[in-house]
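See structure below.
What follows is calculated from the coordinates using simple rules that are stated; it is not laboratory data. All figures in this text were calculated on a predicted structure; none of them were measured in a lab.
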Amino acid sequence: MCSSFVSTPARRSTICPRASSKCSRDPAAAPAPDITVRMTDYAWNASPTLTSGKHIPKIENAAVQSHEMIIAQLPEPGAYKFLCFLPDAKDGKPHVAHGMLSQVTVR
């Protein structure tokens, strides 16, 4: 199972999957997030610690470049991977080639 989110720098974050037709960029219309995922150039920081259950994420891009956040479920229970495959502005390689991947454990 995978989900994908895209965020561009210096713009409001989008709190919905990229493929969603019900995407709202209006913060007043969006539900209140309970988790914030902050993207920087080639890393993520999620707070608070991810726990099982339903959550509403706020995706923030504090980087210079645009990033996507693909969430892939791994075979072991509670294990996920965050990945970004957007091309780098400098060399065109996917951001994952620059280390933008991270394994996350949901408790």
Amide H neighbours of Val104 under 5 Å, counting only residues 5+ apart in sequence or on other chains, H built in-plane at 1.01 Å? Tyr80, Lys81, Phe82
According to the square roots a ≥ b ≥ c of the eigenvalues of the Cα gyration tensor, what is the shape class of region 24-98, taking rounded for a/c under 1.5, prolate for a/b larger than b/c otherwise, and oblate for the remainder? oblate
What is the distance in Å between the Cα centroid of region 42-64 and that of region 73-98? 15
